[in-house]
Amino acid sequence: MAGIVGYGAYIPRNRIKSEEIARQWGKDPQAISRGLLLDEKSVPGLDEDTITISVAAGLGAVERAGIDPSVIGALYIGSESHPYAVKPSGTIVSEALGITPEVHVADFEFACKAGTEAMFVALGLVESGRVEYAMGIGADTSQGAPNDALEFSASAGGAAYLFGKENLLVEVLDTYSYTTDTPDFWRREGEFYPRHGGRFTGEPAYFKHVLSASRAILDRSGYKASDFRHAIFHMPNGKFPLSAGKQLGFTKEQLEVGWLVPTMGNTYSGSSPTGLAAVLDIAEPDDLILITSFGSGAGSDSFILRATDLLPQRVERAATVKSMLEGPRRYLTYGQYAKFREKIILND
Amino acid sequence: MPSPRYWRERANRFRLEAARCKGCDRVTYPARTICPSCRGTDLETLNLSRKGKVVTSTVVHVGPSEFTMEAPYAMAVVETPEGGRLMVQVVDCEPSDVQPGLEVSLEFRLIRREGHSGILCYGHKGVPVG
Ligand SMILES: [Zn+2]
């Protein structure tokens, strides 16, 4: 059986509070924290991007696996903020991780679902026997337009998953994907900020895909919500994942460990993968875990996972998600944030 | 055109590749082919661990034009446990807090951009531990 042999996550140290963004635009801070359940979000430094986040998360995955990185046969990075339009992030990441040159590399893109997409393909290649080890990473440094609702959520971070067949930390019991054409959110080539399609964003996009994928994988596998210790649903804001989980029959206790969005924000391709990393940091042997991502456009990937005896022994080899969320932080003013996100135009 | 030197040096910039002299044990970073201590030529490659201690530091208030957005910033000589020494920016903290003895982790970061449309250059920077 194939499964996860290593994992790692990374969240930048810079933060901005929702009330600081609300103050800038004359909005009611209470409405944001109560309505969207967002308190603060991570912000990438001027020197942090999808490539640097992927390297940091990937190093954690290699450490926890305890393997020589040069045996990794495939590396896929899912992001909607790859630093280059042409030149794969994976080329630089595989060089930095010591994986090159015998490796198959590609960058994936599917709005917020690109991370689980990369994981899905990496897992499939290992299961087929085509490669011995494969890594899938989800990472983003996404931007919302100034004074747009997305500005309160769009944040930075990511997680890396290394798949193999021996010394599993987590078994992958089943996977399922559900995709349709839905115009809920997009960014045309050359545009700086994304657009979202108002009434398309909730019911016909997020809920339809997340609920359909989760119900289908539960039906197919024969498990029910109460069999799981933890469940993670993509976190575009605080409310949606809690509502999706409740509709599927999950309790607050099953959702809370992976529900990072109130203090991390929405890390897009890194969102549900980082939620999963937070769960693996504390999971016990035999815990069953459900993760369902969502990417606008739109689609969802679901995975049913089971922790092994080895998992708790490997957690301490790399930084935990909690240590990064609650560790040293730097709170930015809106002015500093605008500078960090390069919303300020300078002369040459 | 991308800097040929940056590309040539990617093993030591990206993976902190250094050399250890088999004759006298001295570690040099970046890797060399002749040991600066004993002039031996029998060297082995090792990757420095991604952590170290600040040996000396300074704060740059007026940097090269590519670093305008980052000034003021701290530059430091950091020594790793293997004895390799490298000059790096120390970030994610107040520049004045970067003093000799400070423990840092060495993280992979964007160092500079070659103009508006050129390549992105990556390498390591120090980040205070804890
Ligand atoms: Zn020597």
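The values are calculated or read from the model by the stated rules, or taken from the named source; none is laboratory data. Computed from a predicted structure; not experimentally measured. In this analysis, Cβ positions are derived from the backbone assuming ideal geometry, glycine residues included, and neighbour counts consider all displayed protein chains. What goes into the accessible areas is simple: the full protein's heavy atoms, side chains included, and nothing from ligands, DNA or RNA. Shrake-Rupley method; radii C 1.70, N 1.55, O 1.52, S 1.80 Å.
If I take R0 = 60 Å and measure r between the Cβ atoms of A:Asp174 and B:Ser3 in this structure, what FRET efficiency does the formula 1/(1 + (r/R0)^6) give, to the nearest 0.05? Taking R0 as 60 Å, the efficiency between A:Asp174 and B:Ser3 is 0.80.
About its Cα centre, the dipole of chain B is roughly 500 debye, where the only charges are +1 on Lys and Arg Cβ and -1 on Asp and Glu Cβ.
Interface A/B, total buried accessible area with a 1.4 Å probe, nearest 100 Å²?
2100 Å²
Considering only A:Thr52, A:Ile21, A:Leu75, and ranking their Cα positions along the charge dipole of the stretch A:1-84 that arises from unit charges at the beta-carbon of Lys, Arg, Asp and Glu, the one farthest toward the positive end is A:Ile21. One chain, two ends: B:Glu114 and B:Asp25. Fully extended at 0.36 nm per residue, the span grows by 28.3 nm beyond their Cα-Cα distance.
Accessible area per residue for the protein assembly as shown, computed on protein heavy atoms with a 1.4 Å probe, is 43 Å². Here the Gaussian network model covers chain A, with springs between Cα atoms less than 10 Å apart; of A:Ala277, A:Ala118, A:Ala106, A:Ala106 fluctuates the most. Summing charges over all other residues whose Cβ lies under 15 Å from the Cβ of B:Glu9, with Lys and Arg as +1 and Asp and Glu as -1, gives +4. Since only A:Leu123, A:Phe250, A:Ala139 are under comparison, the one whose Cα sits farthest along the positive direction of the charge dipole of the protein assembly as shown, derived from C-beta charges on Lys, Arg, Asp and Glu, is A:Ala139. Residues A:Leu37, B:Leu106 ordered from highest to lowest accessible area at a 1.4 Å probe: A:Leu37, B:Leu106.
Using a probe radius of 1.4 angstrom, the carbon and sulfur fraction of the accessible surface of the protein assembly as shown is 50%. Label sites at A:Ser221 and A:Thr251, each approximated as a point 7 angstrom past Cα along Cα to Cβ, lie 2.0 nm apart.
Ignoring lysines fewer than eight residues from A:Lys208 along the same chain, the ones with Cα atoms less than 24 angstrom from its Cα are A:Lys113, A:Lys224, A:Lys239, A:Lys246, A:Lys252.
Using every pair of separate Cα atoms, the Kirkwood estimate puts the hydrodynamic radius of the stretch A:236-343 at 15.7 angstrom. What's log10 of I(q)/I(0) for the stretch B:3-128 at q = 0.09, 0.11 Å⁻¹, Debye sum over Cα points only, no solvent? Results for the stretch B:3-128 at q = 0.09, 0.11 Å⁻¹ read -0.28, -0.41. Using a Förster radius of 22 Å, what is the FRET efficiency between A:Tyr84 and A:Glu132 based on their Cβ-Cβ separation? Nearest 0.05, please. The pair A:Tyr84/A:Glu132 has a calculated efficiency of 0.15. Are there residues in the stretch A:8-51 whose accessible area shrinks by at least 40 Å² when all protein chains are included rather than the chain by itself, and which are they (probe 1.4 Å, ligands and nucleic acids not counted)? Buried on complex formation: A:Arg13, A:Leu46, A:Asp47.
Every helix of 4 or more DSSP H residues in chain A counts as -39500 (n - 2.57), and over all residues that averages to -9000 deg cm²/dmol at 222 nm.
Here's the picture: a label point sits 7 Å out from the Cα of A:Asn167 along the beta-carbon direction, and within the stretch A:37-60 the residues with their amide nitrogen under 16 Å of it are A:59-60.
For chain A, a Gaussian network of Cα nodes joined below 10 Å ranks A:Gly136, A:Gly164, A:Gly245 by mean-square fluctuation, and the top entry is A:Gly245. Taking all C-alpha pairs of the protein assembly as shown, those more than 28 Å from each other amount to 51 percent.
Kirkwood's formula applied to the C-alpha pairs of the stretch A:12-128 gives a hydrodynamic radius of 16.3 angstrom. Ordered from highest to lowest accessible area with the whole protein assembly present and a 1.4 Å probe, A:Met1, A:Met135 read as A:Met1, A:Met135. What residue among A:Lys27, A:Lys17, A:Lys239 has the largest mean-square fluctuation in a Gaussian network model of chain A, using Cα springs under 10 Å? The residue with the greatest mean-square fluctuation here is A:Lys27.
For the stretch A:171-311, a crude dipole built from +1 on the beta carbon of Lys and Arg and -1 on the beta carbon of Asp and Glu, taken about the Cα centre, is about 620 debye to the nearest 20. From the largest down, the stretch A:171-311 spans 48, 31, 24 angstrom on the principal axes of its Cα atoms.
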